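Worksheet: the structure to be examined is printed underneath.
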Amino acid sequence: MSPISLSLPSIYSSSGTKNPPPTDFIIGTWHVTHSSLPLWKNKRNVNITYTLLPPSSTGVQKIDDLVQYQSIDSEKIKSVHGIDTPTPGVPGAWDWRGKGWLVIASSHWEVLGFGHGDDGNEWVVTYFAKTLFTPAGVDIYSRDKGGLAQTTVEQILDALKEFGVGVLTDLANGVFRIPQN
């Protein structure tokens, strides 16, 4: 496997993602297999489906963002729906706004890195800025519900720690596996 290369979140670097993923790489369903976000602690089968929306009249390419998950002890599928708008001047970053009753909620997220494992499975590492409702956090996405090879996960966490930014090291140390079944 080639070495994992991640970018610093824009809060720590003015350059944004050095090599943002093409939009078509992001589109589709991703399984959130690892996270530092406490809201996923008692959840399972967390997945996010990104769907390209028609460009706005000003040419802005937004993405429909549908998160689905189950509580550990429930068969009921819950969802959170929003729209992602590219963050001006920050490649690989989006500003999320909830739909429906969640229209009051918003967040900022960025792709720190992406790639393919030796097994061909695609992965993405995202950073979520702190909001009124959640602390800052990182997620690891996998196209395959089974997740990434443990060595890939370890390389991603090591790459986060190598930045030498205490907050990112703490987030990497707090990452846990989200059950997928």
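The values are calculated or read from the model by the stated rules, or taken from the named source; none is laboratory data. What you see is a predicted model; the values in this text were computed from it and never measured. Cβ placement follows ideal geometry from the backbone for every residue including glycine, while neighbour counts extend to all protein chains displayed. Protein only, heavy atoms only, side chains kept; ligands, DNA and RNA dropped before computing areas. Shrake-Rupley method; radii C 1.70, N 1.55, O 1.52, S 1.80 Å.
Being open to solvent by 70 Å² or more (accessible area, probe 1.4 Å), free of Cβ contacts under 8 Å to residues at least 40 places away in the same chain, outside any helix (DSSP H, G or I) and more than 19 Å from ILE4 (Cα to Cα) is the requirement here; does LYS145 meet it? Taking the combined requirement at face value, the residue does not satisfy it.
From the list PRO54, PRO91, PRO86, the one residue that fits, being farther than 21 Å from ARG143 by Cα and either hydroxyl-bearing (Ser, Thr, Tyr) or in contact with a Pro (Cβ under 8 Å, 6 or more places away or on another chain) (or both), is PRO91. When the range 66-97 is limited to residues that are touching a His at 6+ places or on another chain (Cβ under 7 Å) and not aliphatic (A, V, I, L, M), the one that is most open to solvent (accessible area, probe 1.4 Å) turns out to be ASP95.
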